[in-house]
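Asker: I'd like to ask you about the structure that follows.
The values are calculated or read from the model by the stated rules, or taken from the named source; none is laboratory data. All figures in this text were calculated on a predicted structure; none of them were measured in a lab. Positions of Cβ are generated from backbone atoms using ideal geometry, with glycine treated the same way; all protein chains shown enter the neighbour counts. Just so you know, the surface numbers come from the protein's heavy atoms only, side chains and all, with ligands and any DNA or RNA stripped out. Shrake-Rupley method; radii C 1.70, N 1.55, O 1.52, S 1.80 Å.
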Amino acid sequence: MFISGQVINKEQHIDFVNWNNRNGKNLQSVSLGNGTYRLEEVIKDLAKEKRIERDFLLKQTDKYMVIDFPITDEEKKLYKSYRQYLRDIPQQKDFPEIVIKTFDQYKG
């Protein structure tokens, strides 16, 4: 069994990788540069991941905001509304557990 904070050698590292993969543990190994590794807990930052997802969706819709992009005024208004929805996500009460809608899901 391996635990966070434990220092292991090269031979143990192979066993750790197999064990970690098999058991779905939330540990990672960090090389100490001398043939040993320190095991650390992987800390997921769900809020950061959601902001990255949101930023990606905003970037995908940037082109629709260009003044001469060939869409109707109604479509542009819908994209503006969707982009505001995306910008407001971090202020939602269930953030970061929120499921972010794609544009197609948003327009329903």
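Asker: Excluding same-chain residues fewer than 8 positions from residue 93, which lysines have a Cα within less than 17 Å of its Cα?
Answerer: Straight-distance partners of residue 93: 48, 50, 101.
Asker: If you fit an axis through the alpha-carbon atoms of helix 46-61 and take the longest principal axis of the Cα set of the chain, what angle between them do you get, 0 to 90°, nearest 10?
Answerer: So the inclination is approximately 40 degrees.
Asker: Using a 10 Å cut-off on Cβ atoms, rank the peptides 2-9, 76-83 from the highest mean neighbour count down. Each step should come with its number before you reach the end.
Answerer: Working: 2-9: 12.4, 76-83: 15.8.
Taking the mean over residues of other Cβ atoms within 10 Å, the ranking is 76-83, 2-9.
Asker: Let me ask you something else. So, with +1 on the Cβ of K and R and -1 on the Cβ of D and E, and no other charges, what is the size of the charge dipole of region 40-108 about its Cα centre, to the nearest 20 debye? Could the numbers behind the result be given before it?
Answerer: Values: 15 positive and 15 negative charges, 50 e Å.
Magnitude of the dipole: close to 240 debye.
Asker: Please name whichever of 96, 108, 81 sits farthest to the positive end of the charge dipole of region 67-108, dipole taken about the Cα centre and charges placed at Cβ: Lys and Arg +1, Asp and Glu -1.
Answerer: 96
Asker: So which GluC sites (Glu not before Pro) in region 62-108 pass both tests, a DSSP loop state and at most 16 other Cβ atoms within 10 Å of the Cβ? If you can, show how the numbers build up before the last one.
Answerer: On the way: sites: 74, 75, 97; in loops: 97.
When the GluC sites (Glu not before Pro) of region 62-108 are filtered for loop state and at most 16 Cβ neighbours within 10 Å, 97 remain.
Asker: So how exposed is residue 65, as accessible area in Å² (1.4 Å probe, rounded to 10)?
Answerer: 60 Å²
Asker: If you don't mind, another one. Could you tell me the relative contact order of region 26-66? Use alpha-carbon pairs under 8 Å, at least six residues apart, and round to a whole percent.
Answerer: Details: 21 pairs, mean separation 10.8, N = 41.
Once divided by the residue count of region 26-66, the mean separation gives 26 percent.
Asker: A follow-up question, please. What accessible area per residue, rounded to a whole number of Å², is obtained for the chain using a probe radius of 1.4 Å?
Answerer: Values: 7950 Å² over 108 residues.
I get 74 Å² per residue for the chain.
Asker: May I pose another question? Which percent of the accessible area of region 1-40 is formed by carbon and sulfur heavy atoms (probe 1.4 angstrom)?
Answerer: Values: 1280 of 2740 Å².
Solvent-exposed carbon and sulfur of region 1-40 make up 47 percent of the total.
Asker: Turning to a different aspect of this structure: Where is the GNM fluctuation largest for the chain (alpha-carbon springs, 10 angstrom cutoff): 68, 55, 88?
Answerer: 68
Asker: Excluding residues fewer than 8 places away in the same chain, name every one of the lysines whose C-alpha is closer than 16 Å to that of residue 63.
Answerer: List returned: 76, 77, 80.
Asker: Apply the Karplus parameterisation 6.51 cos²θ - 1.76 cosθ + 1.60, with θ equal to phi minus 60°, to every residue of region 30-41 and state each ³J(HN,Hα) to the nearest whole Hz, in sequence, with x for glycine and proline.
Answerer: Coupling constants for region 30-41: 10, 5, 8, x, 10, x, 10, 9, 9, 8, 10, 6 Hz.
Asker: Please name which of 43, 26, 64 has its Cα lying farthest along the dipole of the chain towards the positive end, using unit charges on Cβ (Lys, Arg +1; Asp, Glu -1) and the Cα centre as origin.
Answerer: Positive-end residue among those listed: 64.
Asker: Would you calculate a helix-derived [θ] at 222 nm for the chain, using -39,500 (n - 2.57) for each DSSP H run of n ≥ 4 and dividing by the full residue count, to the nearest 500? Mind showing how you got there, number by number?
Answerer: On the way: 4 runs with 51 residues, N = 108.
It lands at -15000 deg cm²/dmol.
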